[in-house]
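Read-outs throughout are calculated quantities, based only on the coordinates presented, and are distinct from any laboratory measurement. Note that the coordinates shown come from a computational prediction; the quantities given were computed from them, not determined experimentally. Reconstructed Cβ throughout: ideal geometry from the backbone, glycine too, with neighbour counts over all protein chains shown.
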Amino acid sequence: MSNTERSSCESWYAPLKREQPEKKCRGRKKTAWRTAAVLILVLVLILGTSLAFSGSDSEKQYSQGEMPENWEDFFQDYFEDAQTTTVNTSIPRAALEPGFSLSLEVPGETELSLKQLYERCADSIVAITGTVEDESGYYWGTGVIASPDGLIVTNAHIIDGCDSAKVTLYNDESFEAKLVGVDGISDLALLKIEAEDLPAAVFGDISALAVGDEVAAIGNPLGEDFRSTLTNGIISAIDRGLNYNGRTMSLLQTNTAINQGNSGGALFNMYGQVVGITNMKMMSYYSSIEGIGFAIPSTTVKAVVDSLAANGEVRGRPSIGITVGAIPQDVSSHYDIPAGLYVSGVQENSDAQLKGVQVGDILTAVNGTPVSTTEEVSAIKDSLKVGDSMVLSLWREGEMLEVEIELMDTNDLY
């Protein structure tokens, strides 16, 4: 993930305050080449009023005369803000639900009007308030009722850092929530409240979903005053690959209006079925961007939620144990280094660390296939399983190396 210049100083996950929120700035090294950087697009996790930014692989342009003399100094600063997908929360744990499985139903025969959809589905949407001990204010987001006995699906980033969470139903009845499981990589979490006969949402099979299909979102944008807001639009793209925190997320793209606070809410098809969990939108500080939002597909939601219910985590997901970021073409040319991906982190106790992969290496190929984007690396990795071997072609100090590493379970590393 590239580091980007930011014009906002608001902290990433600052709680939504009851009073005017205080802005917090992060100290930054000011160099000429960094000041000249231009931010084009950022992704925003739509939690409360808190902004989370994720730069795309090649979004900065530099004047070559202003670059540091040493390419290693350039990348040390360029990738200084690489993030983690680990979610830290002290919310009390609930018992696992090993018998639970999220069902995906095929679309019906008769589409609903927006009025009918809202009447049928709005009660399955809840408000989630996360709090941090010894802090004023709170996190605010949305959740979807997944079972009549109180399982709630939401985004992981809503509860990140929280010590407790409260779920408020359509009728204003509130419950303290416990955590069944959380997965930062997919940005999904499963909560449990002690309730019965809840109006659970119906989740839909998206195998027939197509660009142009009408959809609608129900969520809680911008705080409590706008709970249960309905917006509508279309599916703009299927399987949109987005790089977030060095990992590729495959998301549904929609022009449906979603805003901060919609995180964890539902994107419905016109049969009243949840086809996605809304979690991101695109925005810019330098141009107007409207109608580019994203949702986690229901197929991903089912796989992750079923695993969280049974294990409290997602097992069997392979990891290389390194963090990489794409090298902009102008940077590669300026420093006369190979095209590929810069290794900005090597996870402790990974096989990659054991085999000698180092920060500063440049990854040029995986299993003999040239790579220049994180998506290409992820595609190769995801075709394999935990325990399989992978050959990394690395450039280091003018020499090419080939290192064979074993893929490990992500949960054993992070």
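Assorted remarks:
- Computed about its Cα centre, the charge dipole of the stretch 193-279 is approximately 420 debye, with only Lys, Arg, Asp and Glu carrying charge at their Cβ.
- Summed side-chain charge close to V275 - residues other than V275 whose Cβ falls under 10 Å, Lys, Arg +1, Asp, Glu -1: -2
- The stretch 83-141-the stretch 145-180 distance, computed between alpha-carbon centres (Å): 7 Å
- Where only alpha carbons of the stretch 318-413 are counted, the Rg and the Dmax (Å): 12.6, 39
- Label-to-label distance for E196 and I234 is 4.7 nm, based on points extended 7 Å past Cα in the beta-carbon direction.
- Positive-end residue, the stretch 126-246 charge dipole about Cα centroid, Cβ charges, pick of H157, T129, A195: H157
- Cβ crowding within 10 Å, taken as a proxy for footprinting-reagent exposure, orders H157, H334 from fewest neighbours to most as H334, H157.
- Exposure proxy ranking for E402, E397, based on other Cβ atoms within 10 angstrom of each Cβ and starting from the fewest, stands as E397, E402.
- By the count of other C-beta atoms within 10 Å, a proxy for reagent exposure, D336, D160 are ordered fewest to most as D336, D160.
- Summed side-chain charge close to V301 - residues other than V301 whose Cβ falls under 13 Å, Lys, Arg +1, Asp, Glu -1: -3
- For the stretch 339-382, backbone nitrogen atoms closer than 14 Å to the point 7 Å from E404 Cα along Cα-to-C-beta are found at 355, 367-368.
- Rg to Rh, two decimals, where the stretch 245-326 supplies the alpha carbon set and Rh follows Kirkwood: 1.03
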